[in-house]
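J.: Handing you a structure now.
The values are calculated or read from the model by the stated rules, or taken from the named source; none is laboratory data. If you're wondering where the values come from, they're calculated on a predicted model, not measured in any experiment. No Cβ is skipped: glycine too gets one built from the backbone with ideal geometry, and neighbour counts run over all protein chains shown. Ligands, DNA and RNA are stripped out before the accessible areas are found, and what is left, the full protein with its side chains, is counted by its heavy atoms. Shrake-Rupley method; radii C 1.70, N 1.55, O 1.52, S 1.80 Å.
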Amino acid sequence: MTKINAAITGIAAALPDYILDNEELSKMVDTTDEWIMTRIGIKTRRILKEPGKGSSDLGAQAVKDLLEKTNTKPEEVDLIICATVTPDHAFPATANIIADKVGIKNGFGFDLNAGCSGFLYALSTGRMYIESGLYKKVIVVGAEKMSSIVDYTDRSTCPIFGDGSGAVMLEPTEDGMGIQDMILQSDGYGRVHLHMKAGGSVKPSSHETVDAREHFIYQEGQPVFKAAVSNMADVSVEIMKRNNLTADDIAWLVPHQANMRIIEATAKRMDLAKEKVMINIQEFGNTTAATLPLCMWQWEKQLKKGDNIILATFGAGFTWGAMYLKWAYDGDK
Ligand code: UT7
């Protein structure tokens with residue numbers, strides 16, 4: 001019997017219009033374009049400004065476009081998984097809100113939180129539902145309104161993050177394309193370096209937590225940086241080795257976009273030329289669970305059926321991982 005693989009058969013994205021550049025940021029906190037470009041590599045990020053709009057609005061826009069692009073009726077979708085750290089509400093799941101907004105009524109949905117690795121974890125979950133033969137059309141969407149949890153008085157975190165969403169369709173294939181292998185890892189101790197202090201069950205929201213600015217991202221940059229550099233590169237090299245891939249065999253690396261220096265270190269460890277690395281951090285910053293699909297969406301036209309692609313991530317948790325897939329269609333068709 002031929003093996004069923006899960007393959008990405010379409011991709012779409014949504015970005016808010018407002019562009020927050022380094023010049024504007026320099027008026028909000030004590031920073032400069034030069035510092036941000038040298039230490040992080042970000043020039044602009046998109047911000048969802050409209051009051052009353054949340055991650056689901058960006059997610060729904062991406063999923064609506066995905067359904068159109070792939071000629072899929074909403075009723076045909078079996079499952080939608082939303083990766084996010086900025087859900088519309090603590091509950092219900094943002095996946096259900098997106099499903100409602102685009103008319104997905106015959107399937108089910110849930111959210112998945114694995115920090116910046118959320119999209120990779122969600123893709124790996126969707127893969128299992130497809131490979132098992134249970135479902136035929138699974139949507140994986142990363143949707144983030146990071147600006148809702150960024151402290152724009154904290155210069156060490158506010159330049160990093162942006163808002164955005166990307167969505168892919170996963171479907172079964174028997175032609176050998178699609179997801180080939182993955183490595184996922186986490187280390188809960190890493191939470192001390194990257195978390196949100198209040199608003200959860202351990203410290204519910206109160207006047208005091210708001211006054212203490214505890215509903216924003218708390219990050220100790222250096223330990224996170226060190227762990228990201230070593231772990232993201234380690235899994236990327238390991239997945240190459242165990243699939244007998246050399247740098248020549250790889251068409252593209254799709255790395256999480258947290259810091260240009262982390263991306264470069266990963267590519268170097270893989271011995272990969274920079275031309276083979278998808279990088280849009282300058283433009284969109286770190287959109288957390290949306291970075292990987294935003295990259296693949298931007299590069300879609302250049303992708304060819306059979307291209308060997310490595311996805312690599314690191315994020316809050318700590319969580320990290322790599323995935324090896326063979327691109328399933330010619331992106332320019
Ligand atoms: O996606 C989730 C995972 N997150 C990451 O992967 C992020 C990993 N961490 C990083 O990317 C980097 O650690 C940061 C970009 C967050 C910080 O860069 P860094 O090179 O590690 O800087 P640092 O925190 O060591 O700070 C160096 C100096 C400090 O000044 P002093 O103490 O040396 O006087 C900071 O106060 O830079 C200062 N600084 C800034 N200066 C100008 C921190 N932020 C800024 C800023 N503008 N925005």
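J.: At q = 0.08, 0.10, 0.13 Å⁻¹, what log₁₀ I(q)/I(0) does the chain have when each alpha carbon counts as one equal point scatterer in the Debye sum?
T.: -0.34, -0.54, -0.93
J.: A further question on this structure: Find the accessible area per residue for the chain; the probe is 1.4 Å, ligands and nucleic acids are left out, and the unit is Å².
T.: 43
J.: Using only the heavy atoms of the protein chains and a 1.4 Å probe, how would I310, I279 rank by accessible area, largest first?
T.: Listed by decreasing accessible area, they come as I279, I310.
J.: At a 1.4 Å probe radius, carbon and sulfur cover how many percent of the accessible area of the chain?
T.: 52
J.: Bin all alpha-carbon pair distances of region 180-326 at 5 Å intervals from 0 and give each bin's fraction as a whole percent.
T.: 2, 9, 18, 20, 18, 12, 8, 6, 4, 2, 1, 0
J.: Quick one: what do you get for region 73-184 if you divide its Cα Rg by 2.2 N^0.38 Å?
T.: Cα Rg divided by the expected 2.2 N^0.38 Å: 1.17.
J.: Next question. Can you compute the charge dipole magnitude of the chain about its Cα centre, using +1 on each Lys and Arg Cβ and -1 on each Asp and Glu Cβ, nothing else charged? Give it in debye, rounded to the nearest 20.
T.: It comes to approximately 360 debye.
J.: With every protein chain left in place, what is the accessible area of W35 in Å² (1.4 Å probe, nearest 10)?
T.: About 120 Å², ignoring ligands and nucleic acids.
J.: So what's the back-of-envelope 222 nm ellipticity for the chain, counting only DSSP H runs of four-plus at -39500 (n - 2.57) apiece and dividing by all residues, rounded to 500?
T.: After summing the helix terms and dividing by residue count, I get -9000 deg cm²/dmol.
J.: Over the chain, what is the relative contact order in whole percent, taking alpha-carbon pairs under 8 Å and six or more residues apart?
T.: Value for the chain: 25 percent.
J.: Right, another one. Across bins of 5 angstrom width beginning at 0, how are the C-alpha pair distances of region 1-149 distributed, in whole percent?
T.: Answer for region 1-149: a P(r) of 2, 9, 16, 19, 17, 13, 9, 7, 4, 2, 1, 0, 0 percent.
J.: With a 1.4 Å probe and every protein chain left in place, tell me how much accessible area T153 has, in Å² to the nearest 10.
T.: Roughly 90 Å² of T153 is accessible to a 1.4 Å probe.
J.: Can you list which of the DSSP-assigned H helices in the chain have a Cα extent of 20 Å or more along the long axis and an average Kyte-Doolittle score of at least -0.5?
T.: Helix filter hits for the chain: 55-69, 221-242.
J.: How would you rank 196-206, 126-136, highest first, on the average number of other Cβ atoms within 10 Å across their residues?
T.: Answer by packing, highest mean first, reads 126-136, 196-206.
J.: Lys/Arg Cβ at +1, Asp/Glu Cβ at -1, dipole of region 205-261 taken about the Cα centre: which of V237, N259, H207 is farthest positive-ward?
T.: Of the listed residues, the answer is V237.
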